[in-house]
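K.L.:
Following this message is one structure expressed as structure tokens.
The values are calculated or read from the model by the stated rules, or taken from the named source; none is laboratory data. Quick caveat, the model's predicted, so the values are computed rather than measured. Neighbour counts run over all protein chains shown; Cβ positions are idealised from the backbone, glycine included.
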Amino acid sequence: MPDLDVTAPHISRVYDYWLGGKDNFAADRELGEQTMAAYPDIVWSVRANRAFLVRAVRFLTAEVGIRQFLDIGAGLPSADNVHEVAQREAPGSRIVYADNDPVVLSHARALLRSTPQGALDYLDADARDPDAILASAAKTLDFTQPVAITLLTVLQFVPGDEAGAVVARLMAACVPGSFLVISHPASDIEADHHAEMVRRMNSSMAQQVTLRDRAGVTGLFAGLELVEPGVVKASQWRPDSDIQAAMPTVLWAGLARKP
Ligand SMILES: C[S@@+](CC[C@H](N)C(=O)[O-])C[C@H]1O[C@@H](n2cnc3c(N)ncnc32)[C@H](O)[C@@H]1O
């Protein structure tokens, strides 16, 4: 793992700390505590995000019939990773995970296993290079068939208009009937506390966060058909229970179909 520097906090490990995981180092825990002091509900917000992941992937497999997923910015293995949710519904599902953190890749390779009927691959890849991701993913996924691309709390690391260009390039490679799923930290929910939390992150992390408002996140779905209820707080996208719906979150989330 040549790029590994455990003295600097990294978002994958800070996120793991917020989720109550064990795959983090002292620098990650320190920033985790500093950010939780600015916005204590971050620990609920990340759980609401994982619950959204489960509902979105379950919807796509069980209700739409999607059997292929490309999960970019996959994060450290946690409870209910994309392939586990998808293969629970449809064991033959094929999933490609991509992340640019070498720790994520080594943990994913060590811990994640496909069903025998399905397939799993892991790419060391940058979301800002969609062509490279698409070329490698095509070894496992058939892009002549529908694919769901999941970009969950990762596009905040792609600044300005580039995020829209990345999404457009990815979706251009997919056939009609493919889907895009996004969750994204908001500039217009709990604005003061969240902005202070992000200021603390950006002052000590190499990965710089750009917040977007609801209109900005909705704009990332340009040209696609948003599935009801549209772009909403992550906890309010088709919640399974009142408890899920009430979870505090600073994330916008949505799911859309390519027409
Ligand atoms: C906040 S975590 C989200 C993990 C998971 N998608 C989820 O929502 O639970 C963000 C992940 O994106 C990865 N990441 C950040 N910038 C990236 C980039 N430019 N390309 C690929 N992965 C990136 C980080 O390494 C981290 O694992």
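K.L.:
Just to be sure, is Arg113 of a type in the set (D, E, K, R), away from the ligand (no atom under 14 Å from the Cβ) and either at pLDDT below 95 or surrounded by fewer than 22 Cβ atoms within 10 Å (Cβ to Cβ) (or both)?
P.N.:
yes
K.L.:
Looking only at the stretch 6-52, count how many residues are among the small types (Gly, Ala, Ser), within 19 Å of the chain's Cα centre (by Cα) and either assigned to a helix (DSSP H, G or I) or near the ligand (Cβ under 9 Å from one of its atoms) (or both).
P.N.:
The qualifying residues number 5.
K.L.:
On to the next question. Tally up the residues in the stretch 233-259 that are assigned to a helix (DSSP H, G or I), closer than 14 Å to Ile182 by Cα and among the hydrophobic types (A, V, I, L, M, F, W, C), please.
P.N.:
1
K.L.:
Across the stretch 120-135, what is the number of residues that are buried (at least 18 other Cβ atoms within 10 Å of the Cβ) and outside any loop (DSSP other than H, G, I, E, B)?
P.N.:
Here the count works out to 7.
K.L.:
Conditions: (1) in a loop (DSSP other than H, G, I, E, B); (2) in contact (Cβ under 8 Å) with a residue 60 or more places away in the chain. Gly230 meets all but one. Number of the miss?
P.N.:
The number of the failed condition is (2).
Residue-by-condition table, conditions (1) part of a loop (DSSP other than H, G, I, E, B); (2) crowded, with 19+ Cβ neighbours inside 10 Å; (3) more than 14 Å from the ligand (Cβ to nearest atom):
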position: Gly160; (1), (2), (3): yes, no, no
position: Ala163; (1), (2), (3): no, yes, no
position: Ala168; (1), (2), (3): no, no, yes
position: Pro176; (1), (2), (3): yes, no, yes
position: Val181; (1), (2), (3): no, yes, no
position: Asp188; (1), (2), (3): yes, no, yes
position: Glu196; (1), (2), (3): no, no, yes
position: Gln208; (1), (2), (3): yes, no, no
position: Ala215; (1), (2), (3): no, no, yes
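K.L.:
Another question about this same structure. If we keep just the residues of the stretch 54-75 that are farther than 19 Å from Met171 by Cα and either buried (at least 24 other Cβ atoms within 10 Å of the Cβ) or within 11 Å of the ligand (Cβ to nearest atom) (or both), which is modelled with the highest pLDDT?
P.N.:
Going through the qualifying residues, I end up with Val54.
K.L.:
Still on this structure, please answer the following. What do you reckon, is Arg200 part of a helix (DSSP H, G or I), surrounded by 14 or more Cβ atoms within 10 Å (Cβ to Cβ), in contact (Cβ under 8 Å) with a residue 12 or more places away in the chain and of a type in the set (Lys, Arg)?
P.N.:
yes
K.L.:
Give the residues of the stretch 126-150 that are closer than 25 Å to Thr61 by Cα and within 16 Å of the ligand (Cβ to nearest atom), sorted by residue number.
P.N.:
Passing the criteria: Ala127, Pro130, Ile133, Leu134, Ala135, Ser136, Ala137, Ala148, Ile149, Thr150.
K.L.:
Quick one: Ser183 ticks every box in (1) within 15 Å of Leu70 (Cβ to Cβ); (2) touching a Ser or Thr at 6+ places or on another chain (Cβ under 6 Å); (3) among the small types (Gly, Ala, Ser) bar one, so which box is it?
P.N.:
For Ser183, the exception is condition (1).
K.L.:
Among all residue pairs at least 6 apart or on different chains, which show Cβ distances below 6 Å where the first residue, located in the stretch 64-87, is under 12 Å from Leu112 (Cα atoms) and aliphatic (A, V, I, L, M) and the second is within 13 Å of the ligand (Cβ to nearest atom) and in a loop (DSSP other than H, G, I, E, B)?
P.N.:
Correct list of pairs: Leu76/Asp23.
K.L.:
Among the residues of the stretch 48-84, count how many are over 21 Å from Glu228 (Cα atoms), hydrophobic (A, V, I, L, M, F, W, C) and out of contact with any strand residue (DSSP E or B) (no Cβ under 7 Å at 6 or more places or on another chain).
P.N.:
2
K.L.:
Further question on the same structure: Would you be able to say whether some residue in the stretch 88-110 is of a type in the set (Asp, Glu), in a strand (DSSP E or B) and within 9 Å of the ligand (Cβ to nearest atom)?
P.N.:
yes
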